Amino acid sequence: MLVELEGITKRFGSFTANDRIDLTLRSGEIVCLLGENGAGKTTLMNILYGLSRADEGVIKIDGKPVTFDSPKDAIKAGIGMVHQHFMLVPVFTVAENVVLGEEPVRGLDRLDLKSARQRVEAISRQFGLSINPDAVVEDLPVGVQQRVEIVKILYRNAEVLIFDEPTAVLTPQEVDEFFTIVRTMREQGKAILFITHKLREVLELADRIDVLRLGKLVGHADPKTADTRELAALMVGRPVELTAARSIAAPKQPALRLEDVSVREPKGELLLDRIGFEVRAGEIVGIAGVQGNGQTELIEVIAGLREVTSGRVLMAEKDVTSMSPRQRHKLGLAHVPEDRQRFGIVPPFMITENMVLDCYYEPQFSWGPMLRWDHANIAACERAEDFDVRTSSVFAPARTLSGGNQQKVVLARGMSRPISVFLAAQPTRGVDVGSIEYIHKRIVEARDHGVAVLIISTELDEILALSDRILVMYDGRITAEFEGSSAEGAVDIAAVGVAMGGGAPAA
């Protein structure tokens, strides 16, 4: 199967999202489409999948022009897409989600779930997906939910599979498993189009690399000869520093302290077990660990979103254990949540509204019960410019932004006021390399201005690049501590990895 995009152009008003793009994809190969947030990657794939119509250009399959008025047309032509944010019904089983819209029936329109289960099991075995068709989706880890999305499109006999930022929400272990699945599909003749901004993943997985910048196809690269710096420069249009430049920290008094904090669920499960540590003003402490070992609960406790069973949380020696999130915010706590879609933004709200969500009640932005729109709009414009939020207008809904630009909105909101503690969970999840460089620079600047920074990230490279001290979480406990350094290679990466897996670091 050969898919060709010729001269694809898409405009939104005066903004050109795709500018005369040519792209080819053949059966049995993996093409990675690399680009910054807002480069036009997702728009191009939405056109190929029938979610949007190109203003100019043509799509060809095996040399014949085709027109897709909806995803249904694309699916009939053998094209399937796994979106960055999954399209699953949480309370349905795997089998029910897979067949939704194309349900097998028997008798008088009776749903044939047995047939559905058998088909799911067969696809799962063929591609090494290991999915229980009777499992309820909301009970599944994110990595397994992604496999359900893959089964959905394979069930519909897709020969071309589009993955939009497929590793943005996966742990390192899940990424490895996902790559194994993708290679298996390639070996069985599927054509894979992989949209991402993660340079190392591209070099590891791709057969060919195409690079988009500002809506244009600006170059191609061979993964056998290219390196991360070359790809980063091609994406951004300038040399990019892939590691954060920082001096040795000069920490001062503790700005955040946890004392023997434990959290139990109502059913008795211990989620956090006697957590104790401090973050001093002027230092960055990184929490390393495989996702699901208590990091989410730790963030929620510090932000005031979860009650503790025992122990205390202190900010500048002030007990804030019983304080609300707003009270902690007023004391100087900034919080970047790990899930921007659920907790970071309100997608239907305008960018202006999202930029002031945490401070709309302050005199600067409110006049009695009324929002001072002029002040809010000025602040939103300034923050959008500072953090390179790529949008045609701050009056646009936040849902119109790419995932990385939504993340920048959350970061801009948290870092654009005086703060004493910066709490960041997955600060660069779904963010391109140029923006990562900028975000890391801003985090280091905050530290150098006396802010206590706590970072939780599943990206070990990010923890190693930024942290002055590294704590490792495993099974709800702090199991190890390592001194970070601005000197390259100062941290024993192997020892950190052993601790992340639950092993004891060498003495």
> (1) outside any helix (DSSP H, G or I); (2) open to solvent by 10 Å² or more (accessible area, probe 1.4 Å); (3) of a type in the set (Val, Ile, Thr): which one isn't true of VAL313, the others all being true?
Replying inline: (2)
>> Suppose the filter is open to solvent by 20 Å² or more (accessible area, probe 1.4 Å), assigned to a loop (DSSP other than H, G, I, E, B) and of a type in the set (Asp, Glu); does GLU103 pass it?
In response: yes
>> For region 106-128, give me each residue that is within 26 Å of the chain's Cα centre (by Cα) and either open to solvent by 80 Å² or more (accessible area, probe 1.4 Å) or closer than 22 Å to ILE75 by Cα (or both).
In response: SER124, PHE127
> When region 204-258 is examined, which residues are found to be surrounded by 14 or more Cβ atoms within 10 Å (Cβ to Cβ), over 23 Å from the mean Cα position of the chain (by Cα) and under 30 Å from ILE275 (Cβ atoms)?
Replying inline: ARG246, ALA249, PRO251, PRO254, ALA255, LEU256, ARG257, LEU258
> Checking GLU96 against (1) surrounded by 14 or more Cβ atoms within 10 Å (Cβ to Cβ); (2) over 28 Å from VAL3 (Cα atoms); (3) without any contact (Cβ under 8 Å) to a residue 12 or more places away in the chain, which test does it fail?
Replying inline: (3)
> Just wondering, is there one or more residues in region 379-402 that are farther than 20 Å from GLN341 by Cβ, at pLDDT 90 or above, surrounded by 16 or more Cβ atoms within 10 Å (Cβ to Cβ) and not acidic (Asp, Glu)?
Replying inline: yes
>> Can you list residue pairs whose Cβ atoms sit under 7 Å apart, with the first residue in region 16-27 being under 23 Å from ILE192 (Cβ atoms) and the second being among the hydrophobic types (A, V, I, L, M, F, W, C) and outside any strand (DSSP E or B)? Count only pairs 6 or more apart in sequence or on different chains.
In response: ASN18/LEU44; ILE21/LEU44; SER27/MET1
>> If a residue counts only when it is at pLDDT 85 or above, which helices (runs of 4 or more DSSP H) contained entirely in region 425-507 have at least 3 such residues?
In response: 433-448, 460-466
> How many residues are open to solvent by 20 Å² or more (accessible area, probe 1.4 Å), of a type outside the set (A, V, I, L, M) and under 18 Å from VAL99 (Cβ atoms) if we restrict to region 60-82?
Replying inline: 3
> Which of the residues that make up region 129-153 are out of contact with any Phe, Trp or Tyr (no Cβ under 7 Å at 6 or more places or on another chain), open to solvent by less than 10 Å² (accessible area, probe 1.4 Å) and aliphatic (A, V, I, L, M)?
Replying inline: LEU129, VAL148, ILE150, VAL151
> When you scan region 26-60, how many residues do you find that are outside any helix (DSSP H, G or I), at pLDDT 90 or above and out of contact with any strand residue (DSSP E or B) (no Cβ under 6 Å at 6 or more places or on another chain)?
Replying inline: 6
> Pick from GLY57, GLY38: which is within 29 Å of the chain's Cα centre (by Cα), closer than 30 Å to ARG20 by Cβ and open to solvent by 30 Å² or more (accessible area, probe 1.4 Å)?
Replying inline: GLY38
> Any chance region 158-173 includes a residue that's surrounded by fewer than 17 Cβ atoms within 10 Å (Cβ to Cβ), in contact with a strand residue (DSSP E or B) (Cβ under 9 Å, 6 or more places away or on another chain) and free of Cβ contacts under 8 Å to residues at least 60 places away in the same chain?
Replying inline: no
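The values are calculated or read from the model by the stated rules, or taken from the named source; none is laboratory data. The structure displayed is predicted, hence computed values, not measured ones. Note that each Cβ is placed from the backbone with ideal geometry, even for glycine, and that neighbours are counted across all protein chains shown. Side chains included, ligands, DNA and RNA excluded: accessible areas come from the protein's heavy atoms. Shrake-Rupley method; radii C 1.70, N 1.55, O 1.52, S 1.80 Å.
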